[in-house]
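See structure below.
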Amino acid sequence: MTEKSRSTSLIHHDYVPPADFASPVVGVHKASTVFFPNTAALRTHSWLDKSAYTYGLHGTPTTFTLEARIASLEGGQQALLASSGLAAISLVDMALLAQDDELLLPDNAYGPGKTLARHELRSWGITHRVYDAMDPASLAALLSPKVKLVWLEAAGSVTMEFPDLRALIKAIREHAPQAVIALDNTWGAGIAFDAFALGVDLTVHALTKYPSGGGDVLMGSVVTADERLYKRLALAHSRLGLGVGLNDVEAVLRSLPSLPLRYAAQDAAGRELARWCAQRPEFVRVLHPALPGAPGHEAWADTCSAAAGLFAVELDARYTPAQADAVVDALKFFRIGWSWGGPISLAVPYDAASLRERPTPYRGTLIRFSLGLEAVEDLIADLEQALAVLNERA
């Protein structure tokens, strides 16, 4: 064998492994180029209905598998993957909105999504307004023929209010039937409630959070049960060149089977720590929708069977923002960092007033806790020792 033929044989070897291999792990199929059996297939194969492969950006068996499983998790029919939860939000906005359209956002929506509306969308001639998610009349008053997309979020970002989703959806259907209803379902994770049974048109999910579960993957999804809406989103997804890394897809696929168990464990730990916080004099409010008296608790109880391991506390106004920072800095098991849903508990302080465009009932500094998988008694002890900083500086 010559050197030339050896190099060719290393590329064009005739061995094909048997096709009946099966294991618990989904295979990782990486590709930019995808081979076609003939020129007829080159010209006729379509990726849109996921019946064939055409180019790596449009899907491989690995991405199609994750999309199918995420769609099933959320109760939809089709899913698209994006490089982050924010990228998924951006895809929806760009696919469904045009110049002179209007977008409505809850005032307690994920902050970067609101920032996108204030900057890029505004520069493209798309207007937006915010409504009070806890007041369906506030939303109804803004609905008009110009409104083409309405975002819902449950629970609200940081402050965790749980809205009356049925009432909000009813108002949109009655006053703006042309509008697409999109729900950020990251908190619910497809576990807490059935979004499509409530009547939304699509969901966005930051797979970065609970589906990944490791704090090491950035990914998002868009799910819908409407075939025409899926095609509209999928074509925009293609034109924008959105793609995800196949090793990241593998990581999410590996984590998905344990998602219900992890969600339940973090839910239980979050409720236990939240109840403990409710007894502490340092906090005037514990913002956890599963706690009686929390904003939207009744709507949560009517809609959900679970809750994420995520909540916030409002410190008494006598404590300064610097003191709130000192509490967070004193924590040992809780680490300081963005995101949530991973194995390590996180804590982040927030200035409540800076989170909202409309008047807010929150006066003190907020601290948001994301529960990981540590023993909850250790987390309680950690927070107790950190709170001692307030007494030292009072």
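For region 1-43, the candidate set comprises residues that are surrounded by 10 or more Cβ atoms within 10 Å (Cβ to Cβ) and either β-branched (Val, Ile, Thr) or in contact (Cβ under 8 Å) with a residue 40 or more places away in the chain (or both); within that set, the residue that is nearest to ARG69 (Cα to Cα) is VAL26. Of all residues in region 329-348, those being surrounded by 20 or more Cβ atoms within 10 Å (Cβ to Cβ) and either within 20 Å of LEU387 (Cβ to Cβ) or assigned by TED's automatic domain parsing to the domain that holds ALA109 (or both) number 5. Applying a threshold of 7 Å to beta carbon distances and a minimum spacing of six or more residues, or different chains, the list of pairs starting in region 85-106 at a residue that is among the small types (Gly, Ala, Ser) and ending at one that is assigned to a loop (DSSP other than H, G, I, E, B) and surrounded by fewer than 22 Cβ atoms within 10 Å (Cβ to Cβ) reads ALA87/LEU242. Comparison of ARG122, ARG129, ARG118, ARG173 shows that the only residue that is closer than 23 Å to GLU298 by Cβ, at pLDDT 95 or above and of a type outside the set (Val, Ile, Thr) is ARG173. Regarding region 225-245, can at least one residue be identified that is charged (D, E, K, R) and within 30 Å of ILE336 (Cα to Cα)? The answer is no, given that none of the residues of region 225-245 is charged (D, E, K, R) and within 30 Å of ILE336 (Cα to Cα).
Among the residues of region 117-136, just one is in a helix (DSSP H, G or I), closer than 17 Å to GLU153 by Cβ and out of contact with any strand residue (DSSP E or B) (no Cβ under 9 Å at 6 or more places or on another chain), namely PRO136.
Screening region 170-250 for strands (runs of 3 or more DSSP E) wholly inside it with 2 or more residues that are of a type outside the set (Phe, Trp, Tyr), more than 14 Å from the chain's Cα centre (by Cα) and buried (at least 17 other Cβ atoms within 10 Å of the Cβ) returns the ranges 180-184. Tell me, which residue of region 275-301 that is free of Cβ contacts under 8 Å to residues at least 60 places away in the same chain and in contact with a strand residue (DSSP E or B) (Cβ under 7 Å, 6 or more places away or on another chain) is surrounded by the fewest Cβ atoms within 10 Å (Cβ to Cβ)? In this case the residue turns out to be ALA278.
Of the residues LEU86, LEU80, LEU73, the single one that is within 30 Å of ALA167 (Cβ to Cβ), at pLDDT 95 or above, outside any loop (DSSP other than H, G, I, E, B) and in contact with a Pro (Cβ under 7 Å, 6 or more places away or on another chain) is LEU86. Going by the conditions given, is ALA317 exposed (fewer than 14 other Cβ atoms within 10 Å of the Cβ), touching a residue at least 40 places away in the same chain (Cβ under 8 Å), farther than 21 Å from ASP184 by Cα and not hydroxyl-bearing (Ser, Thr, Tyr)? Yes: the conditions hold for ALA317.
The values are calculated or read from the model by the stated rules, or taken from the named source; none is laboratory data. It should be emphasised that the depicted structure is a prediction, and the values quoted were computed from it without experimental measurement. Backbone-built Cβ (ideal geometry, glycine too); neighbour counts: all protein chains shown.
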